[in-house]
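One structure is given here, and the rest of the page talks about it.
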Amino acid sequence: MDEKSLELLEFPRIREQIAGYASFSPGRELALKLRPLTDYAQISHLLALSAEARLLLSIEPGFSIGDVHDIRETVRLAGLGKILETESLLEIQFTLAALIYLHSRLDRRQTELPLLWKIGEGIIELPDLEKQIGRCFNPDGQIKDEASPKLAKIRRQLRSVRSELLASLQSIINSENLQKSIQEPIITEREGRYVIPVKAEYRREFRGIVHDVSNTGATVFVEPWSAIEPGNEIRELEVQEKYEIELILRELSNQVGLHAAEISRSITLVAEIDLALAKARYARRLNAAEPQMIPPEDQNQTSPPQILRRTQDSGVSDDSRMTIGDGKQQMVLKLVDARHPLLVDKAVPLSVEIGKDYSILVITGPNTGGKTVALKTVGLLSLMAQSGLPIPAAPESCLPVFDNIFADIGDEQSIAQTLSTFSWHISNIVRIINQVTDRSIVLLDELGTSTDPAEGSALARSLLLYLKNRGAMAVATTHFSELKAFAHTTPGLQNASLDFDPVTLAPTYHVSIGIPGGSNAMATASRLGLPAEIVEEAKSMLNRSSIELETLLTDLSAEKTTVESLKKDVEKEKAELVRHNQELENERQKLRSEEKQILQEVRDNVVQESAELHREIRQALAELRKSRSKDKAEEARRVLADVQEKLKSGKLAPQPLSESGEEVKIGAGDTVWLKDASMAATVLYVSEDGQQVELQVGRAKLKVSADNVQKMEKSAGPLPEMVTITRSVAKKNVTVELDLRGKRAEEIESLVDVYLNDAAVSNMKSVRIIHGHGTGVVKQIVREMLATHPLAKSSRPGGRGEGGDGVTVVSL
């Protein structure tokens, strides 16, 4: 990436800001080394990592790497055999504990944050080493007695000897014989020996070694003879303590050195996590987001002319690429509500799209109107995106991957305060055109200035045409009217303007695409305080065409403002209509839901009431059956026995009605032959469909299928033998189960009654009635009816393999 352009676009300041959000020095170092990349996969990975870090901070706003220190140099020295100081070992212990905690926190969110976890997974946890160091030190950094058994023994001896020595010295101080010679009744230290302050004039009377004399000479600090041997013992123990502590520190340092590479690797990984979190904090401050990046293969692939194509993996809409005439796809840059990151809250949002219908954008407008800021915003946000940084723009913004970003910017307005001359501009442009490709973007500020306007304008037009033919993307700012006309008439070029408020005569810093802007030099000069008479004199020197052009541009700007205002009003009304329609739709859905609920409640009530009525009816019928079933059964047995007797004696024999076998209709009053029972009966009633008949057999009444009877006539007299009757209708096939699912409650009793009659007549011993589960109403009707039905011997719920409780098995 062009280093000079990075400086002109002030990318180093962005790196410094990111570094300010890092938590420790390795993270800051990575931030300061950020550079724009040209590899799409790397850029996409870094942007995805930044997005995950933003997600993490949205879930846990206070998340950080914790108390991790850059101990890489320390552990390297430990690996070389250096004995580390207490402070260094404590720093290592704190860092190891923080690494363990950070690893566990990321582990808990590995599903939500796979990229961050991929980094965190590589952090080596060393809990044994962390505990070993922690066991040796107090929180204040002092080595504990328990650091080693020998150290504990030495310190116990030290405490014992010191206690005895102090007690001995205190007894000397308290001695009445020596009270007059002691300057102060205290025990103090000189050169590591315990001494008593003695008056100088009594020095000869106080036996011992003088270790110090006061500044005035009035006091001498004497170690009594009795304290010399205990004092020597204390010094020996202190030396032993020092050697033991050195051994402990050496052992701990060796252990750290053994894991030096692992610890350094973990610190490097934490630095990557810290950088991602720094990006996320920066994005939170600027309300920034990761843009969509267009893969290079989608920028330069060949395809049929004038056809827009969408790649499956890029996630970028068809509008993000344009096919130009030779079948080559043109890069598209789209920024929505983009803001210059160094202006923070003062920035005015900028929306611009380059590459879809044009690759060169010419920005015009008033002085101090924001043209240079707009230029830098495009360049700086492109650099940030290719460095894996979120940009202060709407998430729908999309950018291509440029192989280079060039800038020719240098005037008093630049943030870098760089002055420029015509020769500097030309040498800079020469450097750019020698390196530019069809995957580059060129940013040119005040193109063609600092020389003769006519020649400068011609050079500017020629340069833009050259960049267009090279396939590069470019944004240029200018005040030349010739360039405005050139951009308007040349395919691939487009005008844009920074708006100017005609009422306040002040710039609005808002970019409008498609309309050139006026320089408004006179208005700007007046606004900045130039005397009115000078401004008026200058206006009088302008030719008429220039004045008319400026007036036209001002009127166009005013008209555009009016149109945009009307458009906003229309959009607002449209949004209000959509919202109103949505409310109506929601209300309609609510009413429909309430209607369904009410209808369901009504149906449930009707079904419940119907079931209750059926239950009452069945109870009444059951009572009637109970009172009549025994009498009727006895009567039926008697009649059947009588008829059988007559048949055997030949008193009753059937006669065929039709020898042709044609179907004969049966009506009420006809005499019929009951085939299965081999007896005659009188028809009382025939159902409308002709499938069921009710018969009178003696005093008993039966309901049977029409297939089981045949119309007949009695013989004139007794017949010597039985006569075989030929039936004209096929015998009805009665199945072993009756399916009542889907039937209405009021149909159940008649269907079950007819089925049980047919099954009994067919000499079936057992049948199944399928009623399902449902609301339980049909099951209840069936089982209550079977409990009192004269043809049902017993009933039970279906067993395993029979349908369970959704089936009732009946024994006849």
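The values are calculated or read from the model by the stated rules, or taken from the named source; none is laboratory data. None of these values were measured; they are calculated from a predicted model. Note that each Cβ is placed from the backbone with ideal geometry, even for glycine, and that neighbours are counted across all protein chains shown. Please note that ligands, DNA and RNA were not included when accessible areas were found on the heavy atoms of the full protein model with its side chains. Shrake-Rupley method; radii C 1.70, N 1.55, O 1.52, S 1.80 Å.
Residues checked against (1) under 15 Å from Val256 (Cα atoms); (2) touching a Gly at 6+ places or on another chain (Cβ under 9 Å):
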{"residue": "Val75", "(1), (2)": "yes, yes"}
{"residue": "Gly79", "(1), (2)": "yes, yes"}
{"residue": "Lys82", "(1), (2)": "yes, yes"}
{"residue": "Glu87", "(1), (2)": "yes, yes"}
{"residue": "Ser104", "(1), (2)": "no, no"}
{"residue": "Thr111", "(1), (2)": "no, no"}
{"residue": "Glu121", "(1), (2)": "no, no"}
{"residue": "Ile124", "(1), (2)": "yes, no"}
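Quickly run through the stretch 754-812 and pick out the residues that are assigned to a strand (DSSP E or B) and either open to solvent by less than 30 Å² (accessible area, probe 1.4 Å) or hydrophobic (A, V, I, L, M, F, W, C) (or both). Before the answer, list the steps.
At the first step, the residues of the stretch 754-812 found to be assigned to a strand (DSSP E or B) are 766-770, 794-797, 807-811.
Selection gives Val767, Ile769, Ile770, Val807, Thr808, Val809, Val810.
Contact map, the stretch 52-64: first residue in a loop (DSSP other than H, G, I, E, B), second residue open to solvent by 50 Å² or more (accessible area, probe 1.4 Å), Cβ cut-off under 6 Å, separation 6 or more or different chains; pairs are Ser64/Ser23. Listed conditions (1) assigned to a strand (DSSP E or B); (2) open to solvent by less than 20 Å² (accessible area, probe 1.4 Å); (3) not hydrophobic (A, V, I, L, M, F, W, C) are all met by Gly231, apart from (1). Could you tell me which residue of the stretch 1-49 is farthest from Val401 (Cα to Cα), considering only residues that are open to solvent by less than 50 Å² (accessible area, probe 1.4 Å), among the polar types (S, T, N, Q) and in contact with a strand residue (DSSP E or B) (Cβ under 9 Å, 6 or more places away or on another chain)? Of everything passing the filter in the stretch 1-49, Ser5 is farthest from Val401 (Cα to Cα). Keeping to the stretch 153-194, report how many residues are free of Cβ contacts under 8 Å to residues at least 24 places away in the same chain and either touching a Cys at 6+ places or on another chain (Cβ under 9 Å) or in a helix (DSSP H, G or I) (or both). The total comes to 14. Residue pairs whose Cβ atoms lie under 9 Å apart, sitting 6 or more positions apart in sequence or on different chains, and linking a residue in the stretch 735-751 that is surrounded by 15 or more Cβ atoms within 10 Å (Cβ to Cβ) to a partner that is among the basic types (Lys, Arg) and modelled with pLDDT under 85, are Glu749/Arg618; Leu751/Lys743.
Within the stretch 130-147, the set of residues being loosely packed, with under 14 Cβ neighbours inside 10 Å and not charged (D, E, K, R) comprises Asn138, Pro139, Gly141, Gln142.
This table checks each residue for (1) open to solvent by 70 Å² or more (accessible area, probe 1.4 Å); (2) among the acidic types (Asp, Glu); (3) not in a helix (DSSP H, G or I).
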| position | (1), (2), (3) |
| --- | --- |
| His425 | no, no, no |
| Arg431 | no, no, no |
| Val442 | no, no, yes |
| Glu446 | no, yes, yes |
| Thr451 | no, no, yes |
| Ala454 | no, no, no |
| Ser457 | no, no, no |
| Ala460 | no, no, no |
| Leu463 | no, no, no |
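Residue-level check: of (1) of a type outside the set (Val, Ile, Thr); (2) surrounded by 15 or more Cβ atoms within 10 Å (Cβ to Cβ); (3) not in a loop (DSSP other than H, G, I, E, B), Lys150 misses just (2).
When the stretch 181-195 is examined, which residues are found to be in contact with a helix residue (DSSP H, G or I) (Cβ under 7 Å, 6 or more places away or on another chain) and either within 22 Å of Leu237 (Cβ to Cβ) or charged (D, E, K, R) (or both)?
Ile187, Gly192, Arg193, Tyr194
Condition check: touching a residue at least 60 places away in the same chain (Cβ under 8 Å), surrounded by fewer than 19 Cβ atoms within 10 Å (Cβ to Cβ) and hydrophobic (A, V, I, L, M, F, W, C). Does Leu80 satisfy that? Yes; evaluated as a whole, the condition is true for this residue.
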